[in-house]
Structures are given as structure tokens and as C-alpha cells.
Amino acid sequence: MSNAVDHVAETLMLREPVCGRTRVVAVDGRSGAGKTEFAHQLANRLDAPILSLEDLYPGWNGLEAAVHSLRGILAALAVDDLGTARRWDWADDRPGELLTVTPSPLLIIDGVGSGAARIRPFLSLLVWLQADDATRKSRALERDGATYAPWWETWAAQEHEHLVREQTASAADIVIRTD
């Protein structure tokens, strides 16, 4: 995967910032596709911060709400202001502390929904990670185990509806297979 990380990093640095002074790259794909691992490798390569949508999803039915929150954060960054939203406190199943994102030269967004149509005007680059269903489910349940298992179908249905409507994979600048 290091060749893919290098390719994305090099491509991103050739793009102009379109979110104020920030070059934003979205790493999108279905659950278990490898987004978080890829985003962390990219962050290490670029010395860039990551905004994880897992901090913004308000529970297991919150994909669309997180996209709305993300848009607000990016709109603030685009005018060189602080982007803010409430983190989701997964342990207590309620809104948590305030999350603040500072304008910077680079920002990596990790999560399903990060490449939604209403987010794309803020993106310098959209990366889609793809893996077969069995691989994705195995990875996701290995990662999150008993916490995620009862919610797999609920989350998968939201993903499917969102991604069919948004056509994120076909809008991606770069598609990477991770299986």
C-alpha cells in the first residue's frame, strides 16, 4: 500500500488548495475498506492532521448528520476560520466535547461520507478505497468486534443508500483496491 500512499501524496501536492489555504484530501469507501489505515499512512507521509468522521457520526444512524457537520467545518476553513462541531461520545451515546479544526496547509478526512457531493467543492483530491464485501466485513468486525456486529446491517444500509445517491466511487480522482 506504500506505493498507493506515495501516489496519493504526490498527486495531492500537485493540486491547488480549494478550501481556503487548505489542501483537503478525502479518503472514502465502505466500512472495512481500509480508510483509517490508509489515512494514517498518508498523514505520516505528509505530516498532516486527520479529521475522522467517526468523531462526527452521531451514533449508528448518523452518516448523513456527520456529512452536514463536516460541510460546516470545511466552510469555516474555506474562509480561514476555525471549524467546529460536537464530537460524538460513543460510550455515553450522546454529544460530547467540542471538536476544533484549525486552518492548515493540509487536511486528511477519513470516513464514509467524506466524498459526498456537497463536500467535493472543498476537496483538492478524493480517494476511494475498494474491497470486496467479505473482506470488508471481516476487517470491520475484527477491528470493532462485538460493538459493531449488531450494527453492521444498519450501517451497511446507510452506506449503500448514501453511496448510490452520491456516486462517490465514480467521482473519485483515485480508486485503490485494498483486498
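What follows is calculated from the coordinates using simple rules that are stated; it is not laboratory data. What you see is a predicted model; the values in this text were computed from it and never measured. Reconstructed Cβ throughout: ideal geometry from the backbone, glycine too, with neighbour counts over all protein chains shown.
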A student asked for the Cα radius of gyration and Dmax of the chain in angstrom ought to give 15.3, 42
How large is ³J(HN,Hα) for each residue in segment 165-178, as worked out from phi by the Karplus curve 6.51 cos²θ - 1.76 cosθ + 1.60 (θ = phi - 60°), to whole Hz, x for Gly and Pro? 5, 7, 6, 4, 4, 6, 8, 5, 6, 9, 10, 10, 7, 10
Segment 55-83 and segment 116-178: distance between their alpha carbon centers, rounded to Å: 17
Can you compute 3J(HN,Hα) from phi for each residue in segment 127-143, using the Karplus curve 6.51 cos²θ - 1.76 cosθ + 1.60 with θ = phi - 60°, rounded to whole Hz and x for Gly and Pro? 10, 10, 9, 10, 8, 5, 4, 5, 5, 4, 5, 4, 4, 4, 6, 5, 5
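Which percentage, to the nearest 5, of the DSSP beta bridges contained in the chain is antiparallel?
30
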FRET efficiency, 1/(1 + (r/R0)^6) with R0 35 Å, evaluated for L14 and E54 via beta carbons: 0.75
Under the helix-only model (-39500 (n - 2.57) for each DSSP H run of 4 or more, divided by the residues of the chain), the mean residue ellipticity at 222 nm, to 500 deg cm²/dmol, is -13500 deg cm²/dmol
Residues in segment 137-175 that a label on A91 would reach, taking backbone N under 19 Å of a point 7 Å out along Cα→Cβ: 144-148
So, in nm, how far is label Q130 from label A117 when the simple model puts each one 7 Å beyond its Cα toward the Cβ? 2.1
List the residues of segment 59-88 whose backbone N lies under 18 Å from a point placed 7 Å from the Cα of A157 along the Cα-to-Cβ direction. 59-65
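If you take the beta carbon distance between V164 and H68 as r and set R0 to 25 Å, what does 1/(1 + (r/R0)^6) give as a FRET efficiency, to the nearest 0.05?
0.85
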For G96, the residues 5 or more places away or on another chain with a placed amide H closer than 5 Å to its own amide H are R87, W88, D89
Using θ = phi - 60° and the Karplus relation 6.51 cos²θ - 1.76 cosθ + 1.60, list the HN-Hα couplings for segment 99-105 in order, rounded to whole Hz, with x at every Gly or Pro. 9, 10, 10, 8, x, 8, x
Going by average Cβ neighbours within 10 Å, how do the peptides 107-120, 70-83 rank, with the highest at the top? 107-120, 70-83
Starting from the Kirkwood radius over alpha-carbon pairs of segment 87-172, derive D by Stokes-Einstein at 10 °C in a medium of 1.306 mPa s and give it in µm² s⁻¹. 104
